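The values are calculated or read from the model by the stated rules, or taken from the named source; none is laboratory data. What you see is a predicted model, and the numbers here were worked out from it, not measured in a lab. Virtual Cβ from ideal backbone geometry, glycine too; neighbours counted across all protein chains shown. Ligands, DNA and RNA are stripped out before the accessible areas are found, and what is left, the full protein with its side chains, is counted by its heavy atoms. Shrake-Rupley method; radii C 1.70, N 1.55, O 1.52, S 1.80 Å.
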Amino acid sequence: NFKDGVLDPVDPGLIPSLLDEIAKRGGFTWRDSYAVVSGPTDGGTWGDLLIWSYNSFDVVGDWYSHTTGRMQAGASFPEGFLDASNILVATADEPDESFDPFTWQTPFKSTVWVLILCSIGFSAIVYYILELGQADGDLAEDSHVDNTTSSLFLAAASFTGGGGYAPRTPAGKLFAFSWSFWCLLTVSAYTANLASFLVTHPQL
């Protein structure tokens with residue numbers, strides 16, 4: 001901090017304070033002969049100012065990049081005391097410790113869950129059409145309501161792995177195989193996404 005080339009006697013700034021400490025440890029003085037320069041003048045560069053500074057004074061206090069060109073020009077850089085490189089710092093988000101009973105839905109987006117439910121309903125309808133009226137089949141009840149709910153239950157149970165179809169018709173068997181394969185792929189994708197989330201979000 002200076003005005004008209006004179007340092008502020010109360011708060012001179014960081015560099016003068018450092019020079020005071022260096023002078024104290026080195027046993028020399030610097031306040032009797034110094035210059036306060038705010039920047040290059042007359043179209044000069046910072047490199048020109050550095051050359052003028054060390055040619056005019058014994059010690060130069062400023063922030064200069066340590067480059068080969070400046071060393072070749074005669075500047076001697078001591079070991080740095082402060083790392084002034086840019087460092088990106090961000091505040092870490094505090095983990096949410098609250099209990100969420102619907103965390104199991106996280107691996108899939110809501111649209112994917114809606115499509116899964118629609119697929120289960122569509123599969124129940126298709127299986128109902130293919131297997132209705134087959135003796136000793138999954139849909140051998142006299143009530144259409146019972147057959148409909150049974151078909152829906154079997155479709156959902158196949159998806160979770162808790163049950164499966166027992167088709168009697170060739171078309172029903174082909175459909176059951178296709179539906180089981182689709183369930184396998186979907187559950188595998190869910191398991192992989194769930195494992196990834198548990199690694200990146202261990203609090204889940």
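Quick look at the numbers
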| quantity | calculated |
| --- | --- |
| Tally of residues being open to solvent by less than 100 Å² (accessible area, probe 1.4 Å) and either at pLDDT 90 or above or in contact with a helix residue (DSSP H, G or I) (Cβ under 8 Å, 6 or more places away or on another chain) (or both) across the stretch 103-115 | 9 |
| Contacts under 7 angstrom Cβ, first residue in the stretch 1-18 being at positive phi and loosely packed, with under 10 Cβ neighbours inside 10 Å, partner modelled with pLDDT of 75 or more and not in a loop (DSSP other than H, G, I, E, B), 6 or more apart | none |
| Pair list, Cβ < 6 Å and 6+ apart or interchain, from the stretch 177-202 residues that are farther than 11 Å from Thr106 by Cα to residues that are in a helix (DSSP H, G or I) and small (Gly, Ala, Ser) | Trp179/Ser123; Cys183/Ser158 |
| Selected residue [surrounded by 10 or more Cβ atoms within 10 Å (Cβ to Cβ), in a loop (DSSP other than H, G, I, E, B) and modelled with pLDDT under 80] from Asp93, Asp42, Asp100, Asp83 | Asp100 |
| Whichever residue in the stretch 42-80 is touching a helix residue (DSSP H, G or I) at 6+ places or on another chain (Cβ under 8 Å) and aromatic (Phe, Trp, Tyr) and, among such residues, is farthest from Gly13 (Cα to Cα) | Phe77 |
| Filter result for Val145 (open to solvent by 50 Å² or more (accessible area, probe 1.4 Å), under 24 Å from Val114 (Cβ atoms), hydrophobic (A, V, I, L, M, F, W, C) and assigned to a helix (DSSP H, G or I)) | no |
| Among the residues listed as Val187, Val199, the single one being farther than 15 Å from Ile116 by Cα, among the β-branched types (Val, Ile, Thr), assigned to a helix (DSSP H, G or I) and open to solvent by 50 Å² or more (accessible area, probe 1.4 Å) | Val199 |
| Unique match (being under 37 Å from the mean Cα position of the chain (by Cα), open to solvent by 100 Å² or more (accessible area, probe 1.4 Å) and either among the hydrophobic types (A, V, I, L, M, F, W, C) or at pLDDT 80 or above (or both)) among Trp63, Trp52 | Trp63 |
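Listed here are the residues, each with its yes/no results for (1) of a type in the set (D, E, K, R); (2) farther than 21 Å from Ala195 by Cβ.
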| position | (1), (2) |
| --- | --- |
| Lys109 | yes, no |
| Val114 | no, yes |
| Glu131 | yes, yes |
| Asp142 | yes, yes |
